[in-house]
Amino acid sequence: MKVSDSLSEIQSRFSFDLPDELIARHPLPERDQSRLMVLRPGQTPEHRRFYELPDILDASDMLVWNDSRVE
C-alpha cells in the first residue's frame, strides 16, 4: 500500500466472497476446536485448530489477535 492509494483501492484488495456456512455465528461448545489459519512466509496457509497452537508457535513467532465479531 502507498500513501497515494485511495480508500476504494485499499478496500478492493481486502474484498472477497465468504460463503455463509463459513461464518461463525456462535462460539463452539469446545472453544479449543475453533478453526485457526496459520500463515507462514512463502508457504500455503494451513487450516488447523486452536488446541494445536502450542505445537505451532515458535519462540520468535508473532501472534496477531483479531477480536472482531459477526453481528
Worksheet entry | Failed condition for MET37, given (1) in contact (Cβ under 8 Å) with a residue 12 or more places away in the chain; (2) under 19 Å from SER68 (Cβ atoms); (3) touching a Lys or Arg at 6+ places or on another chain (Cβ under 8 Å); (4) not basic (Lys, Arg) | (1)
Fill in: Residues located in segment 30-60, provided they are loosely packed, with under 10 Cβ neighbours inside 10 Å and in a helix (DSSP H, G or I)
ARG31, PRO54, ASP55
Worksheet, complete the sentence: Filtering segment 9-29 for residues that are of a type in the set (A, V, I, L, M, F, W, C) and loosely packed, with under 10 Cβ neighbours inside 10 Å leaves a count of 5
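Here's the yes/no breakdown for (1) among the acidic types (Asp, Glu); (2) under 15 Å from the mean Cα position of the chain (by Cα); (3) at pLDDT below 80:
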position	(1), (2), (3)
SER4	no, no, yes
ARG25	no, no, no
LEU39	no, yes, no
TYR51	no, no, no
ASP55	yes, no, no
Worksheet item: Condition test on PRO27, is it out of contact with any strand residue (DSSP E or B) (no Cβ under 9 Å at 6 or more places or on another chain), without any contact (Cβ under 8 Å) to a residue 40 or more places away in the chain and not in a loop (DSSP other than H, G, I, E, B)?
Response: no
Discussion item. Just the residues that are in a loop (DSSP other than H, G, I, E, B) and either in contact (Cβ under 8 Å) with a residue 60 or more places away in the chain or farther than 24 Å from ARG69 by Cβ (or both), please, taken from segment 1-24.
Written reply: MET1, LYS2, VAL3, SER4, ASP5, SER6
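The values are calculated or read from the model by the stated rules, or taken from the named source; none is laboratory data. From a predicted model like this one, the values you see are computed outputs, not experimental measurements. Note: ideal-geometry Cβ built from the backbone for every residue, glycine included; neighbour counts use all protein chains shown.
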